[in-house]
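Just so it is clear, none of the values below were taken in a lab; they were calculated from the coordinates. Not measured: the values here are computed from a predicted model. Note that each Cβ is placed from the backbone with ideal geometry, even for glycine, and that neighbours are counted across all protein chains shown.
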Amino acid sequence: MEVIKDEGLLVAELITTNFQERNRFTSTNYSSHVAFDCGCGERHTVNDPTLELILTALPVKFLFECRNKYIAFVHVKGLFKQKANCLWSCKAKLYHKVIKDLKENKNL
């Protein structure tokens, strides 16, 4: 997992990923063993009710904000035995600043 600290790198990740809003078919209902290492230093389960699901991407990717104010982009793989992998993470403050800047510049 990469912890992103640079605005430019985060912008590149965000604009090259086809993020989608959560819809009625979006589910994080996985078993408790489907967990990932977050940039905050903790291991979270994908079904953790304290995680805020911000956006999704295909195939089976979730953008979460954890209670420790970190954003994690997580990919869940597997049909019979699922496994979660955090692709990248960053501080929520950086993420929200970049999103605000992108919206103001109409690049998002």
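Observations, loosely collected:
- The set of residues from the stretch 10-51 being in contact with a Cys (Cβ under 8 Å, 6 or more places away or on another chain) and either within 17 Å of LEU87 (Cα to Cα) or in a strand (DSSP E or B) (or both) comprises LEU10, PHE36, ASP37, CYS38, GLY39, CYS40, GLU42, HIS44, LEU51.
Conditions (1) among the hydrophobic types (A, V, I, L, M, F, W, C); (2) farther than 18 Å from MET1 by Cα; (3) out of contact with any helix residue (DSSP H, G or I) (no Cβ under 6 Å at 6 or more places or on another chain), marked per residue:
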{"site": "GLU13", "(1), (2), (3)": "no, no, yes"}
{"site": "TYR30", "(1), (2), (3)": "no, yes, yes"}
{"site": "LEU55", "(1), (2), (3)": "yes, yes, yes"}
{"site": "PHE62", "(1), (2), (3)": "yes, no, yes"}
{"site": "ALA72", "(1), (2), (3)": "yes, no, yes"}
{"site": "ASP101", "(1), (2), (3)": "no, yes, yes"}
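- Residues that are more than 17 Å from SER32 (Cβ to Cβ) and assigned to a strand (DSSP E or B), drawn from the stretch 54-71: ILE54, LEU55, THR56, ALA57, LYS61, LEU63, GLU65, TYR70, ILE71
- For the stretch 30-53, the criterion of being touching a residue at least 12 places away in the same chain (Cβ under 8 Å), in contact with a Gly (Cβ under 9 Å, 6 or more places away or on another chain) and hydrophobic (A, V, I, L, M, F, W, C) is met by at least one residue.
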